[in-house]
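Remarks on the structure that follows.
The values are calculated or read from the model by the stated rules, or taken from the named source; none is laboratory data. Just so we're clear, the structure is a prediction, and the values are computed from it rather than from any experiment. Cβ: placed from backbone, ideal geometry, glycine included. Neighbour counts: every protein chain shown.
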Amino acid sequence: MEGDVGEVTGRTEIVRPSALPKDLLPRALSGAVLAVVALAGNWAGYVPFALLVLLVSIVMCWEWSGIVRRAAIDAVLAVHAAVVAVAIGLTVVGLPHWGVLLVLLGTLAVYLSAPRDRARPSALGVIYVGLPAIGLIWLRGTDSLGAAAIFFIFTIVWTTDTFAYLCGRAIGGPKLWPALSPRKTWAGTLGGIAFAAMAGATFATQLSGSHPAMLALVAILLSIVAQAGDLAESALKRAFDVKNASDLIPGHGGFLDRMDGVVTAASLAALLAAVRGSQTPAQSLLFWS
């Protein structure tokens, strides 16, 4: 969330620079706790990280159900969560391609089983939760660089979020897309991308053989799609007239609200690694010639 709702000049809506909001402290504290848990799970190893991804994914399935069908628990949610859980299990045992296939089949199953007026958004949730979960676990893998690959994704998304927020608050200016997110500004968006690029280049200097310029470019791409993911989740909530996915995280809402950037960034990171495909997934993401 950036800036305060400001004035309209001609056709361009402007956000004025503003003081930090009152909910900054709980937002920062809960964000820090989540970051520590995510980093600890990543550091603990492949299986603990996969279990963490599984837990968060099941919660996200439940939140998705609440948004699109106003149902805390129903038969469609059971199918959704089961498909995601089994797909994660297949990835853990080294069968990510079967996991992806299951997600696609599960998408069809949810589409056919959901109420007609909620079939499409219900089915989309299987892809939205399932594919990034598979991507994160696949990139983490069991090799020594897996933890670094996940840390890289987290670093870029968190850097983007933090500096988009701060630059938007400090600079203000024209809004990015008022219809979807009234407080996001072009200054915040570009600031987030710029700092993400610097974070990517800095990250490369800590990896012997990694190219700073290339990893900065990867960071820019991840930053862009992370912010696009934020806008997409905002569009989903607006479409169903929901403010937050849930109230589980003070200052943030739910896990869908907190993971929107990770979802898209992890998906793109996994796609980039898969396209290169000549090394382990983590090496393919982190090392570019």
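Name the pairs: first residue in region 56-81 and in contact (Cβ under 8 Å) with a residue 12 or more places away in the chain and assigned by TED's automatic domain parsing to the domain that holds residue 107, second residue assigned to a loop (DSSP other than H, G, I, E, B) and acidic (Asp, Glu), Cβ to Cβ under 9 Å, at least 6 apart or on different chains?
Cβ pairs passing all conditions: 65/74.
Can you tell me which of 182, 212, 132, 178 is modelled with pLDDT of 95 or more and farther than 19 Å from residue 38 by Cα?
Step by step, each of 182, 212, 132, 178 is checked, and only 212 is modelled with pLDDT of 95 or more and farther than 19 Å from residue 38 by Cα.
Any residue at all in region 167-179 that is in a helix (DSSP H, G or I), under 20 Å from residue 263 (Cα atoms) and charged (D, E, K, R)?
Checked against the condition, which is being in a helix (DSSP H, G or I), under 20 Å from residue 263 (Cα atoms) and charged (D, E, K, R), region 167-179 yields no hits at all.
For the subset of region 76-134 comprising residues that are over 19 Å from residue 266 (Cβ atoms) and of a type in the set (S, T, N, Q), which member is surrounded by the most Cβ atoms within 10 Å (Cβ to Cβ)?
The selected residue is 122.
Are any of the residues in region 174-184 surrounded by fewer than 22 Cβ atoms within 10 Å (Cβ to Cβ), in contact with a Phe, Trp or Tyr (Cβ under 6 Å, 6 or more places away or on another chain) and more than 19 Å from residue 266 (Cα to Cα)?
yes
For the structure I just gave you, tell me whether residue 200 is of a type in the set (Gly, Ala, Ser), in a loop (DSSP other than H, G, I, E, B) and touching a residue at least 40 places away in the same chain (Cβ under 8 Å).
So residue 200 fails the test.
Right, residue 201: out of contact with any Pro (no Cβ under 7 Å at 6 or more places or on another chain) and farther than 30 Å from residue 120 by Cα or not?
Judged against the criteria, residue 201 is not a match.
Test residue 192 against the criterion of being assigned to a helix (DSSP H, G or I), outside the structural domain of residue 70 (by TED's automatic domain parsing) and in contact with a strand residue (DSSP E or B) (Cβ under 9 Å, 6 or more places away or on another chain), and give yes or no.
no
Conditions (1) modelled with pLDDT under 75; (2) touching a Pro at 6+ places or on another chain (Cβ under 7 Å); (3) assigned to a helix (DSSP H, G or I), marked per residue:
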{"residue": "4", "(1), (2), (3)": "yes, no, no"}
{"residue": "20", "(1), (2), (3)": "yes, no, no"}
{"residue": "35", "(1), (2), (3)": "no, no, yes"}
{"residue": "41", "(1), (2), (3)": "no, yes, yes"}
{"residue": "54", "(1), (2), (3)": "no, no, yes"}
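Does any residue of region 242-258 turn out to be within 17 Å of residue 151 (Cβ to Cβ) and assigned to a helix (DSSP H, G or I)?
Checked region 242-258: no residue is within 17 Å of residue 151 (Cβ to Cβ) and assigned to a helix (DSSP H, G or I).
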